[in-house]
1. Which one of B:Asn37, B:Asn102, B:Asn30 is more than 14 Å from every other protein chain (Cβ to nearest Cβ) and surrounded by fewer than 21 Cβ atoms within 10 Å (Cβ to Cβ)?
2. Hey, A:Glu214 hits all of (1) free of Cβ contacts under 8 Å to residues at least 12 places away in the same chain; (2) crowded, with 16+ Cβ neighbours inside 10 Å; (3) of a type in the set (D, E, K, R) but one; which does it fall short on?
3. Working carefully through the options B:Tyr135, B:Tyr147, find the one that is within 14 Å of another protein chain (Cβ to nearest Cβ), in a helix (DSSP H, G or I), touching a residue at least 60 places away in the same chain (Cβ under 8 Å) and more than 22 Å from B:Glu26 (Cβ to Cβ).
4. Residue by residue through the range A:150-178, note down the ones that are assigned to a helix (DSSP H, G or I), surrounded by 14 or more Cβ atoms within 10 Å (Cβ to Cβ) and at pLDDT 95 or above.
5. So B:Val86 passes all but one of these: (1) surrounded by fewer than 24 Cβ atoms within 10 Å (Cβ to Cβ); (2) out of contact with any strand residue (DSSP E or B) (no Cβ under 9 Å at 6 or more places or on another chain). Which condition number does it fail?
6. Pick out the one residue from A:Gly202, A:Gly181 that is under 26 Å from A:Tyr259 (Cα atoms) and away from chain B (no Cβ under 14 Å).
7. Here's a check for you: in the range B:42-96, which residue that is free of Cβ contacts under 8 Å to residues at least 12 places away in the same chain and more than 17 Å from the chain's Cα centre (by Cα) is nearest to B:Ser108 (Cα to Cα)?
8. Hey, among A:Phe72, A:Phe89, which residue is over 27 Å from A:Pro207 (Cα atoms) and not in a loop (DSSP other than H, G, I, E, B)?
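The values are calculated or read from the model by the stated rules, or taken from the named source; none is laboratory data. None of the values given here were measured: they were computed from a predicted structure. For neighbour counting, all protein chains shown are included, and Cβ atoms are generated from backbone atoms with ideal geometry for every residue, glycine included.
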Amino acid sequence: MNDKFTSYAHPEAIVDTEWLSQNLDNPAIRIIESNEDVLLYETGHVPGAVHIDWRRDLQDDDIRDYINPEEFAALCSRNGIASDTVCVFYGDKSNWWSCYALWAFRMFGHTNIRIVDGGRAKWFAENRPTTRETPSFPATDYPVPEKRLDDEVRAFAKETLAHAEAGKPLVDVRSPGEFRGDVTHMPDYPQEGVLRGGHIPGAQSTPWSTAANEDATFKSREQLEEIYTKNLNLDPEGETIVYCRIGERSSHTWFVLTYLLGYANVRNYDGSWTEWGNTVRAPIEKGD
Amino acid sequence: MKNGSSDYPERLREIIEFFDSLEEVEKRENLIAYADNAPKQEPREGEAFDLEDVRKDEECTDTVGVYLRVEEGNRSCFRIALGPQVQTLTRAMTAILCTGLNGSPPESILDIRQDFVPKIVGGELVRIRSQTVYYVLGRMKGACKAYMHRRDRDSI
């Protein structure tokens, strides 16, 4: 195993590109690509990888919520994923969306999950094999989960407000300008309809990118503990809520805290700023 | 007011009609094919332009350079250079618009309505990436407007 991984709280939740290259034909795994760029998968991907789109496949098209357990079982079935399949996620943008997809799988109780350290960028930078061929796998009989485990990994606005009012740790992982309220979207991205800028009162600012290296890999456990446990003073056994703009960057931080540092109770407020910044009378703080 | 696809420059009209006839999956396949051809739209060595507009906007994930030369007969010739982080859909629209609009007068490009875009990329992608799909057309129109403004000013 990669030396860096052995120090993580859950080294089984992360693999490197070398491991992936040696397991392309492993029938026990399913490689899953999830991206920000909606057409990127079609331009080339890891051989054997299926594509799960965060919006088309994981979200309800009518109300702002995730698919239901029946739809999740159907998604897994058509992608050849069984309940014991090890799902190995990778994607663009330093694995934002692959962490988001992994988080969604975890929400349905699928715990055999891995992230490819460095994601798509590292795989391509290393000139590893790619293909445009879309794989096809026999449908599985994925059991319909009893329920979605929202309570375990997800926070809603009311819970987040109560959490903030109780002075419990809340981590805003957006860019500093978004946190201060100078802008309502991250640099390089379009405004997506948020009416107010700022942050949830009491939130601490630690952009998601502080957990990542230049090559999109995760920082070492020692570095991550310095950022989150020491500097932010987060309690590994306490309750922590993370949020961003729509829940994708905070999925990255959720993965770091939960799997790399082993925090016991971290939830992702996926409504995030696009909900909070539009909610009538929701309290907002501006500035540092 | 312009409404029908017959109002578009001929090459663009052909592309619109082609995409409009495709199913969503086929649209995506053809968008990828156009995206693959985006590098062919970059400026070529030794080319001179009447206007160069290279910048990084908030609406796009990387720098986009728009180069415009207006040739004899008031024919526009666009070249567009895209940074490596520019998304695939923007790459595709770049190749489509360069192919569809090169040869048209700047005035007519400025007048083109953007309601053809959903016919090309499909409703799903417009919904997901509503600003991305219009970005390159906006930049090309901006270049035409700046060129025309300068031309008119210089002719006084």
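1. Details: B:Asn37 fails: more than 14 Å from every other protein chain (Cβ to nearest Cβ); B:Asn30 fails: more than 14 Å from every other protein chain (Cβ to nearest Cβ).
Of the residues listed, the single one that is more than 14 Å from every other protein chain (Cβ to nearest Cβ) and surrounded by fewer than 21 Cβ atoms within 10 Å (Cβ to Cβ) is B:Asn102.
2. Every listed condition holds for A:Glu214 apart from (2).
3. Working: B:Tyr147 fails: within 14 Å of another protein chain (Cβ to nearest Cβ).
Exactly one of B:Tyr135, B:Tyr147 is within 14 Å of another protein chain (Cβ to nearest Cβ), in a helix (DSSP H, G or I), touching a residue at least 60 places away in the same chain (Cβ under 8 Å) and more than 22 Å from B:Glu26 (Cβ to Cβ), namely B:Tyr135.
4. A:Asp150, A:Val153, A:Ala157, A:Glu159, A:Thr160, A:Leu161, A:His163, A:Ala164
5. Against the list (1) surrounded by fewer than 24 Cβ atoms within 10 Å (Cβ to Cβ); (2) out of contact with any strand residue (DSSP E or B) (no Cβ under 9 Å at 6 or more places or on another chain), B:Val86 comes up short only on (2).
6. On the way: A:Gly181 fails: under 26 Å from A:Tyr259 (Cα atoms).
Being under 26 Å from A:Tyr259 (Cα atoms) and away from chain B (no Cβ under 14 Å) holds for just one of A:Gly202, A:Gly181, which is A:Gly202.
7. So in the range B:42-96, the residues free of Cβ contacts under 8 Å to residues at least 12 places away in the same chain come out as B:45-46, B:55, B:58, B:71-73.
Now narrow it down to the ones that are more than 17 Å from the chain's Cα centre (by Cα): B:45-46, B:58, B:71-73.
Working: B:Glu45: 28, B:Gly46: 27, B:Glu58: 27, B:Glu71: 15, B:Glu72: 16, B:Gly73: 13 Å.
The selected residue is B:Gly73.
8. Working: A:Phe89 fails: over 27 Å from A:Pro207 (Cα atoms).
On inspection, the qualifying residue turns out to be A:Phe72.
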